[in-house]
1. Kindly write out, for region 44-54 in residue order, the coupling ³J(HN,Hα) from the Karplus curve 6.51 cos²θ - 1.76 cosθ + 1.60 (θ = phi - 60°), rounded to whole Hz, with x marking Gly and Pro.
2. Which far-off residues, 5 or more places away or on another chain, put their amide H under 5 Å from the one on Gln88, with H placed in the peptide plane?
3. Mind checking the full-extension length gain between Gln43 and Val116? Use 0.36 nm per residue of separation minus the Cα-Cα distance, one decimal, nm.
4. Using just the Cα positions, wrap region 67-121 in a convex hull and report its mean projected area in square nanometres, one decimal place.
5. Quote to one decimal, in nm, the extra length available between Asn55 and Asp80 on full extension: 0.36 nm per residue of separation minus the C-alpha distance between them.
Amino acid sequence: MHLRPALLALASALVLVSSVPTTAHAQTTGAIGYYYTQTNGGQDEQNTETEQPLNECLPITEIKSYEETYAYSPQNLNPDTYADVYPQDNCQGAMRRIKFGDPRDPSIHFRTVEFVPVSGG
């Protein structure tokens, strides 16, 4: 007779455990702010790219079609990632790692970026 209440309690506990979400926090994404020169000889512009995927080589949107153009003065906007910037397409050339809180450096020119989690980088 004591078996039935014990089975009911066990079944209730299993239902509760299976209803708890499995992930406690959201997926981290990268974010970067930078400047670039307009391709038509215009003035310098500022842009921010947010919610970018991790561990992928990403071209800078405004300059990806123009070989002689680059972005500069990167600022990492996410404390949970590093922004690894590269001077050439396809994340080629000498990588510079930009950490959250690093001051902007106008001498850093780049065409591509890869966001790497701080815990894995």
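Nothing in this text is a laboratory measurement; each read-out follows from the coordinates by a stated rule. Keep in mind the model is a prediction, meaning the values are calculated, not measured.
1. With coefficients 6.51, -1.76 and 1.60, one gets 6, 10, 10, 9, 9, 10, 10, 6, 8, x, 8 Hz.
2. Placed amide hydrogens put Arg111, Thr112 under 5 Å from Gln88.
3. Numbers: separation 73, 0.36 × 73 = 26.28 nm, distance 3.12 nm.
Here the segment from Gln43 to Val116 would lengthen by 23.2 nm.
4. Numbers: hull surface 14.7 nm².
Directional mean of the projected Cα hull area for region 67-121 stands at 3.7 nm².
5. On the way: separation 25, 0.36 × 25 = 9.00 nm, distance 1.32 nm.
Roughly 7.7 nm would be gained on extension.
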